[in-house]
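I have placed the structure first, in the form of structure tokens, so that the comments after it can refer back to it.
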Amino acid sequence: MNQKIYNRLLEIVKDYPHSLVDRDLLSLLVKYEFDAALSCSTRSAENLIVLTNLIDDKVMTNYFGGVWKQLEGDGPSDEKRLTARIKELKPRTILDIGCGENHLKRSFPALTGLDPYSAAADIRKPLLDYTTGQKYDLVLVLGSINFGGIEKIIAECEKAIRLISERGRLIFRVNPGISHSSDESRWIDFFEWSPSFICNLGHGLGMKVERLERDRGGRIYFEWSALKPKQ
Ligand SMILES: C[S@@+](CC[C@H](N)C(=O)[O-])C[C@H]1O[C@@H](n2cnc3c(N)ncnc32)[C@H](O)[C@@H]1O
């Protein structure tokens, strides 16, 4: 869950207790604070967690559906270096989770790009809603498992691991919690990844860290492969 939005909603309800019964007032306040217009049917004053998730979805759609731009700079996840690395690994199948503009598809036409907020995606779904019997030799997670609380991050990592084939591999770029500069991203809850979290979570989920490198803009690049071949 997006804790930033939830905490702000609690403050709003404390300042305006009547907003819990006056749904029009709550809608006005939510629009003012989060720039999120919620239709009558989705206004849910009864459950602030439900409301938090609805606002979070609006904030993410607004930001990643049009405002977000890739960082400039050099690092292991740059398109050129990453393309060379992928060719070295020779995957037969690739899933790009949170593919954004789906640029890697230019070099790997058979790649599947998954992204709930991008019109360029092959499949427009959030990772946790993606169901398939397919396994992928390579799963890319470039900046896309980074939003919300630790329970969501772990569930998404487990899901990404379930999607790799027997000797498959995951390539990640993660943000250690650095906020983006644009105003539209102010309510996004960036998870604070760290080298210790990468190693310990990986170990807990049966994954070995194959590479761990600094990436552009203070981001971290790493690769996970299964400690034992998956069954
Ligand atoms: C920082 S951008 C990176 C985009 C792209 N991977 C790149 O490196 O250029 C994060 C991407 O993750 C996507 N994303 C956010 N939440 C997601 C989710 N639950 N499942 C899949 N993709 C998600 C966003 O829409 C956005 O395109």
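Here A84 fulfils each of the conditions (1) loosely packed, with under 14 Cβ neighbours inside 10 Å; (2) within 12 Å of the ligand (Cβ to nearest atom) apart from (2). Please enumerate the residues belonging to segment 48-93 that are in a helix (DSSP H, G or I), over 28 Å from L9 (Cα atoms) and not charged (D, E, K, R). Selection gives L82, T83, A84, I86, L89. When you check H203 against the structure, is it more than 14 Å from the ligand (Cβ to nearest atom) and either closer than 23 Å to L82 by Cβ or modelled with pLDDT of 95 or more (or both), yes or no? Spelling it out, H203 is indeed more than 14 Å from the ligand (Cβ to nearest atom) and either closer than 23 Å to L82 by Cβ or modelled with pLDDT of 95 or more (or both). Cβ-Cβ contacts under 6 Å between residues 6 or more apart (or on different chains), taken from a first residue in segment 128-154 that is over 28 Å from T52 (Cα atoms) to a second residue that is polar (S, T, N, Q) and more than 8 Å from the ligand (Cβ to nearest atom), are listed as K135/S165; Y136/T93; D137/T93; D137/S165. Taking the stated definitions as given, is Y136 aromatic (F, W, Y), at negative phi and within 13 Å of the ligand (Cβ to nearest atom)? Considered against the rule, which asks whether it is aromatic (F, W, Y), at negative phi and within 13 Å of the ligand (Cβ to nearest atom), Y136 comes out as no. The residues on offer are L89, L54, L48, and the sole one that is in the same structural domain as D122 (by TED's automatic domain parsing) and not charged (D, E, K, R) is L89.
In segment 81-106, the residues that are among the hydroxyl-bearing types (S, T, Y) reach residues that are buried (at least 20 other Cβ atoms within 10 Å of the Cβ) with C-beta atoms within less than 6 angstrom, at least six apart or across chains, in these pairs: T93/Y136.
Residue under question is D35, and the condition is that it be farther than 18 Å from I171 by Cβ, more than 10 Å from the ligand (Cβ to nearest atom) and either loosely packed, with under 12 Cβ neighbours inside 10 Å or among the hydroxyl-bearing types (S, T, Y) (or both); does it hold? Answer is no for this residue. Among the candidates R214, R173, R169, the residue that is over 16 Å from the mean Cα position of the chain (by Cα) and crowded, with 19+ Cβ neighbours inside 10 Å is uniquely R169.
Condition check: basic (K, R), surrounded by 13 or more Cβ atoms within 10 Å (Cβ to Cβ) and not assigned by TED's automatic domain parsing to the domain that holds I153. Does K105 satisfy that? No.
Does L114 satisfy the criteria of being surrounded by 14 or more Cβ atoms within 10 Å (Cβ to Cβ), closer than 19 Å to N62 by Cα and either at pLDDT below 95 or in the same structural domain as L95 (by TED's automatic domain parsing) (or both)? Yes; evaluated as a whole, the condition is true for this residue.
Considering S118, S107, the condition of being of a type outside the set (V, I, T), more than 10 Å from the ligand (Cβ to nearest atom) and more than 20 Å from R167 (Cα to Cα) is satisfied by S107 alone. Of the listed requirements (1) within 9 Å of the ligand (Cβ to nearest atom); (2) under 12 Å from the mean Cα position of the chain (by Cα), C157 misses just one: (1).
With respect to (1) within 11 Å of the ligand (Cβ to nearest atom); (2) in a helix (DSSP H, G or I), the lone exception for G100 is condition (2).
Is it true that K230 is at pLDDT below 95, touching a Gly at 6+ places or on another chain (Cβ under 8 Å) and either of a type in the set (K, R) or farther than 30 Å from N7 by Cα (or both)? Against the criterion (at pLDDT below 95, touching a Gly at 6+ places or on another chain (Cβ under 8 Å) and either of a type in the set (K, R) or farther than 30 Å from N7 by Cα (or both)), K230 qualifies.
Just one of (1) of a type in the set (S, T, N, Q); (2) within 15 Å of the ligand (Cβ to nearest atom); (3) surrounded by fewer than 17 Cβ atoms within 10 Å (Cβ to Cβ); (4) at pLDDT 90 or above fails for Q70. It is (4).
The values are calculated or read from the model by the stated rules, or taken from the named source; none is laboratory data. Please read these numbers as outputs of a predicted model, since none were measured by experiment. So basically every Cβ, Gly included, is an ideal-geometry build from the backbone, and we count neighbours across all protein chains shown.
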